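Since the structure comes first, as C-alpha cells, the remarks are kept for the end.
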Amino acid sequence: MATTAKTIVVQKYGGSSVANLDRLRSVAERVAATARQGRRVVVVVSAMGKTTDELLALARSISPAPPRRELDMLLSCGERISMALLAMALGELGVDAISFTGSQSGILTNDRHSGARIIEVRPVRIQDELERDRVVIVAGFQGMSYKREITTLGRGGSDTTAVALAAALGAEACEIYSDVDGVYSADPKVVPDAHHLPELSYDEMQELAEHGAKVLNAQAVSWARRAGIVIHARQTAGSSRETRIVPGGEADPIRAEGLRARAVTATRTVVQLRTARRGLQALSLLGEEGVALRHSRLVGTGEAASLEATLVRDDLPDWPHTLARLRDLGTDLVCDEEHGTVTAVGAGLGSNARVLAQVGAHLVACGLHPVRMEASSLSLCTWLPHPEVEEATRALHSLLCHE
Ligand code: ADP
Ligand code: ASP
Ligand code: MG
C-alpha cells in the first residue's frame with residue numbers, strides 16, 4: 001500500500017518520558033498501539049533523563065569553553081542511545097522498527113554548532129522505511145550541516161526535529177509528549193495554581209518559548225507556523241488533556257480593564273551587554289560567533305555608536321571565549337549577568353500604559369526590585385535580580401492571569 005500523507009503521525013518523547021528503561025518500555029507500548037491502529041509512526045526521542053546535562057558537565061570538566069563542533073559530536077550521542085534502545089524495545093513487542101540519526105533522517109542545518117537551524121529536510125530513508133511498514137525512530141536535537149558536520153539544534157531542540165519532520169512528511173499530526181499535559185498559564189512547578197490552556201496561537205506560544213517557557217521550543221513553533229502544522233502538547237503518562245498550538249486568527253482582545261495576560265514565563269539569567277562605542281563592530285563579532293540575540297539596540301553612528309544587547313547563555317557553551325573577544329574590541333564593555341526576566345504574554349498587553357504602570361507598582365508593593373521593563377504589542381518583559389525571579393513570576397501570574 002502506498003504511504004498516504006493522512007496516515008503518518010509524528011510523536012516526540014522528551015527526556016523525562018524515556019528517563020529509565022521502564023519508561024522507555026511504556027513509550028514502546030504506546031508507539032506499538034498507535035502502529036497497530038494502522039497509522040504510520042515516526043518517533044522522535046530526546047536523550048534519557050538528564051543525559052544532555054551530564055554530557056555537558058563532562059565536557060566542561062575537560063574544558064571551560066569546549067569547541068562547539070566537538071560538543072555537538074558529544075551531545076548528539078545522548079539521543080542516539082534513546083533511539084537504539086527504543087527500536088530494540090519495539091522489536092521485543094514484535095513491532096518492526098529502525099532507528100536513524102538526524103543526518104540519516106535527512107535533517108540539513110546551517111553550520112552554527114550548538115544552536116543550528118534546520119534549513120531543509122529530505123526524509124528519503126524515513127519514507128522508504130515507512131513504505132516497508134516499519135516504525136521509524138529518529139534521534140532528536142541533531143542534524144548535519146551542508147559542510148557534512150554533525151550539528152545540534154540548541155536546548156529543547158528535539159521538538160524542532162519533530163515539527164520539521166511532520167512538515168516534510170505531510171504528517172496528519174505532530175504530538176509532543178512530556179511530563180505535563182500541555183501548556184499552562186505559567187510553569188506549574190513554579191506557580192502551583194497555574195491553569196491549563198487548551199489552545200494557544202503560534203504567536204503566543206513563540207513569545208512564551210522565546211522568553212523561557214521550555215515546554216515547547218521556539219524554533220519548533222516557528223516551523224509549525226510556516227508549515228501550518230498543529231502541535232498537540234500532551235502528557236506521556238496520566239492525563240488525556242492537551243494543548244493545541246494553532247494559527248492565531250483574531251488576537252484575544254485585552255478587556256477594557258486591561259489587566260489580563262494569557263501566560264507568564266521566566267528566564268532565570270539573561271546576559272546584558274552594553275558597549276559605550278564601536279557598537280557595530282561588537283554586533284558583527286556576535287554575528288560571527290553565531291550568538292542569537294533576544295533584543296538589541298544600536299544608537300549613534302560610526303565609532304560613537306553604542307550597543308545594548310540581551311542574550312540567553314544556554315546555547316553558548318563557549319561564552320567565555322566570545323566574551324574575551326568582545327573585551328578585546330575596546331568598546332568599554334559592561335556585561336551584566338545579575339538579572340533574570342519575567343514576561344507576561346497577551347495581545348495588547350505591552351501597548352497599554354496603564355498595565356505597565358500597574359505591573360511596576362504591583363511588583364514593588366510585593367517587595368520586589370524591578371530594574372527595567374520592555375514592552376512589545378504581545379508581551380511585557382520585566383527585569384529583576386535573579387533571586388527574585390520565581391516570586392515575581394507568582395506575583396505577575398496572580399495579577400494578570402485570570403481564568
Ligand atoms: P521534555 O524533556 O519532555 O522536552 P521539558 O522539560 O523540555 O520536557 O518541558 C516540560 C516542562 O516545561 C514541564 O515539566 C514544566 O516544568 C516546564 N514548563 C515551563 N513553562 C511551562 C508552561 N507554561 N506550561 C507547562 N509547562 C511549563
Ligand atoms: N536532549 C536535548 C536537551 O536536553 C534536546 C531535547 O531534549 O529536546 O536539550
Ligand atoms: Mg523539551
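The values are calculated or read from the model by the stated rules, or taken from the named source; none is laboratory data. These numbers come from a predicted model, not from an experiment. Virtual Cβ from ideal backbone geometry, glycine too; neighbours counted across all protein chains shown.
Across region 148-175, the number of residues qualifying as in contact with a helix residue (DSSP H, G or I) (Cβ under 6 Å, 6 or more places away or on another chain) and more than 30 Å from Asp318 (Cα to Cα) comes to 4. Restricting Ala194, Ala263 to residues that are surrounded by 23 or more Cβ atoms within 10 Å (Cβ to Cβ) and modelled with pLDDT of 95 or more narrows the list to Ala263.
Rundown of residues vs (1) under 19 Å from Gln37 (Cβ atoms); (2) touching a Ser or Thr at 6+ places or on another chain (Cβ under 9 Å), yes/no style:
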position: Ile137; (1), (2): yes, yes
position: Ser145; (1), (2): no, yes
position: Thr151; (1), (2): no, yes
position: Ala167; (1), (2): no, no
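Filtering region 39-58 to residues that are more than 13 Å from ligand 3 (Cβ to nearest atom) and in contact with a strand residue (DSSP E or B) (Cβ under 6 Å, 6 or more places away or on another chain) leaves Arg39, Arg40, Val41, Val42, Val43. For region 234-242, the condition holds for at least one residue, the condition being that it is in contact with a helix residue (DSSP H, G or I) (Cβ under 8 Å, 6 or more places away or on another chain) and within 11 Å of ligand 1 (Cβ to nearest atom). For region 61-100, the set of residues classified as assigned to a helix (DSSP H, G or I) and free of Cβ contacts under 8 Å to residues at least 12 places away in the same chain consists of Ser61, Ile62, Glu70, Met88, Gly91, listed by residue number.
Can you find a residue that is more than 28 Å from Glu242 (Cβ to Cβ), away from ligand 3 (no atom under 16 Å from the Cβ) and among the basic types (Lys, Arg) anywhere in region 134-144? If you could, list the steps in order and put the result at the bottom.
From region 134-144, those more than 28 Å from Glu242 (Cβ to Cβ) are 144; that's our starting set.
From the residues that got through so far, the ones that are away from ligand 3 (no atom under 16 Å from the Cβ) too are 144.
Among the residues that remain, those that are also among the basic types (Lys, Arg) are: none.
Looking for residues that are more than 28 Å from Glu242 (Cβ to Cβ), away from ligand 3 (no atom under 16 Å from the Cβ) and among the basic types (Lys, Arg), one finds none in region 134-144, hence no.
For region 114-210, the helices (runs of 4 or more DSSP H) that sit wholly inside it and include 3 or more residues that are in contact (Cβ under 8 Å) with a residue 60 or more places away in the chain and within 16 Å of ligand 1 (Cβ to nearest atom) are 158-169, 202-210.
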